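Engineer: Handing you a structure now.
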Amino acid sequence: MIYTSGTTANPKGVLIPHSAIANTLRFRVDNYSFNENDVSLQLFNYAFDGYLTGMFTPLLSGIETILLSKEQIKDVPEIAAILKNYPVTNFISVPSYFRSLVEGIDISILRRVKIVTLAGERVDKKLLEIVAIELPDTEIVNEY
């Protein structure tokens with residue numbers, strides 16, 4: 001059972017068979033093709049349903065994963081420092097959080113990130129336009 005608020009903001013438990021999670025993870029491992037040079041940044045709290053893919057895809061791929069405390073996840077300057085000081089190449093985020101990073105830090109810090117997966121909310125066109133101009137080498141994967 002995982003807990004999600006979906007778009008309602010009302011938490012609810014959802015029964016997901018292990019095979020569904022295993023299939024999702026296998027698909028992501030195969031399609032993201034991470035290698036020994038990749039470093040993932042975990043931005044989801046373990047209680048969020050997106051934690052499963054954000055945590056286990058890197059682990060199953062054998063790549064380094066940076067784990068943060070609840071306080072660090074909420075601190076945009078702290079995230080900026082981590083992105084500046086560690087060779088993060090990928091992370092998964094909700095679009096509104098990613099927008100706060102794009103607008104709240106020196107965007108050049110995000111240029112070494114190869115893949116940003118957006119999930120949990122609709123991605124707005126303006127955010128994609130900013131990323132296309134400012135981060136042309138960053139692949140945006142929309143899993144919403």
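Engineer: Examine segment 111-129 for a residue that is assigned to a helix (DSSP H, G or I), in contact with a helix residue (DSSP H, G or I) (Cβ under 6 Å, 6 or more places away or on another chain) and open to solvent by 30 Å² or more (accessible area, probe 1.4 Å), and state whether such a residue exists. Full working, then the answer.
Structural biologist: In the first step, residues of segment 111-129 are kept if they are assigned to a helix (DSSP H, G or I); the result is 111-112, 125-129.
Now restrict to residues that are in contact with a helix residue (DSSP H, G or I) (Cβ under 6 Å, 6 or more places away or on another chain): 127.
Checking the rest, the ones that are also open to solvent by 30 Å² or more (accessible area, probe 1.4 Å) come to none.
The answer is no; no qualifying residue exists.
Engineer: Inspect segment 125-136 for any residue being more than 14 Å from residue 28 (Cα to Cα) and touching a Leu at 6+ places or on another chain (Cβ under 7 Å) and give the result as yes or no.
Structural biologist: Within segment 125-136, the first condition is being more than 14 Å from residue 28 (Cα to Cα), and the residues that meet it are 125-136.
Now narrow it down to the ones that are touching a Leu at 6+ places or on another chain (Cβ under 7 Å): 135.
Yes.
Engineer: Let me ask something additional. Sort through 90, 85 and tell me the only one that's of a type in the set (S, T, N, Q) and open to solvent by 30 Å² or more (accessible area, probe 1.4 Å).
Structural biologist: 85
Engineer: Please verify whether segment 16-33 includes one or more residues that are farther than 18 Å from residue 91 by Cα, modelled with pLDDT under 90 and exposed (fewer than 10 other Cβ atoms within 10 Å of the Cβ).
Structural biologist: Yes, segment 16-33 has at least one match.
Engineer: Cβ-Cβ under 7 Å, sequence separation 6+ or interchain: first residue in segment 61-78 and of a type in the set (D, E, K, R), partner in a loop (DSSP other than H, G, I, E, B). Which pairs?
Structural biologist: Note: pairs meeting the criteria are 70/45.
The values are calculated or read from the model by the stated rules, or taken from the named source; none is laboratory data. None of these values were measured; they are calculated from a predicted model. Note that each Cβ is placed from the backbone with ideal geometry, even for glycine, and that neighbours are counted across all protein chains shown. SASA here: full protein model, heavy atoms, side chains in, ligands and nucleic acids out. Shrake-Rupley method; radii C 1.70, N 1.55, O 1.52, S 1.80 Å.
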